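A short write-up of the structure that comes next.
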Amino acid sequence: MNDVKASHARLVAADRLQAITSLVAEGAVFEGTFNSQQDLGLRVDGTLKGSISFATGGTVHVGPTGVVENTTIEADHVLLEGKVRGTVIARKTLEITGSATLQGDAQYDVMLDVHPRARIRGKLEFRGDFEAAEAPTN
């Protein structure tokens with residue numbers, strides 16, 4: 001049973017993903033901008049054409065069937081399994097799975113996990129403090 005849990009381990013915490021309350025469902029198309037001043041979550045399984053922004057906090061999960069175009073995604077936690085064309089800014093964790101395609105640049109402040117077979121055309125940039133990141137943890 002521990003092996004099953006380990007194989008599903010994600011950098012973006014399960015409680016963050018389970019707390020997502022907004023959804024662009026598979027087959028749906030949303031055109032516009034999604035903004036929130038609150039620490040909420042959004043899952044995209046359909047198509048979203050526009051930007052996603054959380055002023056503070058926030059979790060964005062682009063599911064395996066999700067497509068986000070012409071965008072800037074900004075949130076604390078970002079999990080990509082589908083297709084994104086644009087810029088991604090993850091203030092805490094950024095996870096790009098093997099089913100994901102990212103055409104654009106990604107920036108992260110704390111942790112990054114890029115799975116085998118992930119497709120990225122753009123640059124990945126660490127925005128955090130190098131000295132703090134290199135400090136040993138005891």
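The values are calculated or read from the model by the stated rules, or taken from the named source; none is laboratory data. Worth saying up front: this structure is predicted, and the values here are computed from it rather than measured. With ideal geometry, Cβ positions are generated from the backbone for all residues, glycine too; neighbour counts draw on all protein chains shown.
Could you pull out the residue among GLY58, GLY86 that is closer than 19 Å to THR21 by Cβ and within 13 Å of the chain's Cα centre (by Cα)?
After applying the criteria, what remains is GLY58.
Restrict the check to segment 43-52 and report whether at least one residue is of a type in the set (Lys, Arg), out of contact with any Cys (no Cβ under 8 Å at 6 or more places or on another chain) and at pLDDT 95 or above.
For segment 43-52, residues of a type in the set (Lys, Arg), out of contact with any Cys (no Cβ under 8 Å at 6 or more places or on another chain) and at pLDDT 95 or above: present.
Being within 19 Å of LEU11 (Cβ to Cβ) and either surrounded by fewer than 21 Cβ atoms within 10 Å (Cβ to Cβ) or of a type in the set (D, E, K, R) (or both): is that true of ILE73 here?
Details: within 19 Å of LEU11 (Cβ to Cβ): yes; either surrounded by fewer than 21 Cβ atoms within 10 Å (Cβ to Cβ) or of a type in the set (D, E, K, R) (or both): no.
It is false that ILE73 is within 19 Å of LEU11 (Cβ to Cβ) and either surrounded by fewer than 21 Cβ atoms within 10 Å (Cβ to Cβ) or of a type in the set (D, E, K, R) (or both).
Just checking, which of ALA135, ALA90 is modelled with pLDDT under 95 and either surrounded by fewer than 14 Cβ atoms within 10 Å (Cβ to Cβ) or closer than 20 Å to ASP15 by Cα (or both)?
ALA135
Which residue pairs have Cβ atoms under 7 Å apart, sit 6 or more places apart or on different chains, and have a first residue in segment 107-121 that is under 18 Å from ALA13 (Cβ atoms) and a second that is crowded, with 17+ Cβ neighbours inside 10 Å and of a type in the set (S, T, N, Q)?
Pairs that qualify, where the first residue is under 18 Å from ALA13 (Cβ atoms) and the partner is crowded, with 17+ Cβ neighbours inside 10 Å and of a type in the set (S, T, N, Q), are VAL110/THR93; MET111/THR93; HIS115/THR97.
Condition (residue is in contact with an Asp or Glu (Cβ under 6 Å, 6 or more places away or on another chain), within 16 Å of PHE54 (Cα to Cα) and not basic (Lys, Arg)) applied to segment 106-114: is it met by at least one residue?
yes
Which of (1) touching a residue at least 12 places away in the same chain (Cβ under 8 Å); (2) more than 21 Å from GLN18 (Cα to Cα); (3) surrounded by fewer than 16 Cβ atoms within 10 Å (Cβ to Cβ); (4) not charged (D, E, K, R) does PHE130 not meet, given it meets every other one?
(1)
Of (1) surrounded by 19 or more Cβ atoms within 10 Å (Cβ to Cβ); (2) closer than 24 Å to GLU131 by Cα; (3) charged (D, E, K, R), ASP109 satisfies all except one. Which?
Among (1) surrounded by 19 or more Cβ atoms within 10 Å (Cβ to Cβ); (2) closer than 24 Å to GLU131 by Cα; (3) charged (D, E, K, R), ASP109 violates only (1).
I'm trying to understand the selection: among the residues of segment 97-117, which are farther than 22 Å from ASP39 by Cβ and β-branched (Val, Ile, Thr)?
Matches in segment 97-117: THR97, THR101, VAL114.
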